[in-house]
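Report on the following structure.
The values are calculated or read from the model by the stated rules, or taken from the named source; none is laboratory data. As the structure is a prediction and not an experimental result, all values here were calculated from the model. Cβ sites come from the backbone with ideal geometry, for glycine too, and all protein chains shown count toward neighbours. These area figures cover heavy atoms from the full protein model, side chains too; ligands, DNA and RNA do not enter into them. Shrake-Rupley method; radii C 1.70, N 1.55, O 1.52, S 1.80 Å.
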Amino acid sequence: MRIGYGWDSHEFRSGVPLKIGGVEIDHPQGLGGHSDGDVLLHAITDALLGAIAAPDIGTLFSPSDPRWKGADSAVFLAEALKRVKTAGLQIENIDSTLILAAPKIGPHAHRIRERVAELLQIEPDRIGIKAKTPEGIGTENAAISHAIVLLQSTRKQTRLLKVRSR
Ligand SMILES: [Zn+2]
């Protein structure tokens, strides 16, 4: 088994759409950044990469590289997932916490979970999406995301199945 942890933050900015967990949310401001600023997908990507001791998201997809300007963060997540699979691992579950003053994530949590599950090719009930408002930490103009992931070896499971079927 492998555990991975990721963290990210982006500042709210006018004139860009708000994207969280691959889902566009109707809000007066979006998240700034070199890519689409998807704070949740970035945290999950880093958690996956960290679990397999791969280089982090900023190293693989440098913010100074024009290729990633305005990029769909699903691309970063797909690369991390590919590396996880190549390492002979699969996702057991993911948990995450978003910290932002607005908008309320509750009404969108179901859609976000479904989309992240689709991107990671796992069941939605393996993904935790939680949100809190920042209390007393002075980050009202930012969205923060923490994510943790547990990976299981696919090889080990095959071996276990073989033992059971004997
Ligand atoms: Zn980011």
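Points to keep in mind about this one:
- ASP56 in contact with a helix residue (DSSP H, G or I) (Cβ under 7 Å, 6 or more places away or on another chain), open to solvent by 50 Å² or more (accessible area, probe 1.4 Å) and more than 9 Å from the ligand (Cβ to nearest atom): yes
- Condition check for THR59: within 22 Å of ILE20 (Cα to Cα) and among the β-branched types (Val, Ile, Thr): yes
- Reported count of residues in the range 79-102, each being within 16 Å of the ligand (Cβ to nearest atom) and either among the small types (Gly, Ala, Ser) or part of a strand (DSSP E or B) (or both), is 5.
- Unmet requirement for ARG67, which otherwise passes all of (1) more than 24 Å from THR139 (Cα to Cα); (2) surrounded by 15 or more Cβ atoms within 10 Å (Cβ to Cβ): (2)
- Among residues of the range 101-116 being surrounded by 18 or more Cβ atoms within 10 Å (Cβ to Cβ) and in contact with a helix residue (DSSP H, G or I) (Cβ under 8 Å, 6 or more places away or on another chain), the one that is farthest from GLU79 (Cα to Cα) is ILE105.
- Apart from one condition, GLU140 fits all of (1) touching a Gly at 6+ places or on another chain (Cβ under 8 Å); (2) within 16 Å of LEU18 (Cβ to Cβ); (3) at pLDDT below 95; the exception is (1).
- Of the residues making up the range 30-40, not a single one is away from the ligand (no atom under 14 Å from the Cβ) and either on the phi < 0 side of the Ramachandran plot or in contact with a strand residue (DSSP E or B) (Cβ under 9 Å, 6 or more places away or on another chain) (or both).
- With respect to (1) touching a residue at least 60 places away in the same chain (Cβ under 8 Å); (2) within 16 Å of the ligand (Cβ to nearest atom); (3) more than 22 Å from ILE148 (Cα to Cα), the lone exception for GLY70 is condition (1).
- Residues that are open to solvent by 10 Å² or more (accessible area, probe 1.4 Å) and near the ligand (Cβ under 10 Å from one of its atoms) were ranked within the range 41-53; the one that is nearest to ALA87 (Cα to Cα) is ASP46.
- Inter-residue pairs, beta-carbon under 8 Å, first open to solvent by 80 Å² or more (accessible area, probe 1.4 Å) and in the range 1-18, second among the β-branched types (Val, Ile, Thr), 6+ apart: ARG2/ILE52; ILE3/ILE148; ILE3/VAL149; TYR5/ILE148; TYR5/VAL149; TRP7/ILE144
- Taking the range 1-33 as the range and being within 19 Å of VAL75 (Cα to Cα) and of a type in the set (Lys, Arg) as the test, only LYS19 passes.
- Residues in the range 134-154 that are closer than 26 Å to GLY30 by Cβ and either surrounded by 12 or more Cβ atoms within 10 Å (Cβ to Cβ) or aromatic (Phe, Trp, Tyr) (or both): PRO134, THR139, ASN141, ALA142, ALA143, ILE144, SER145, HIS146, ALA147, ILE148, VAL149.
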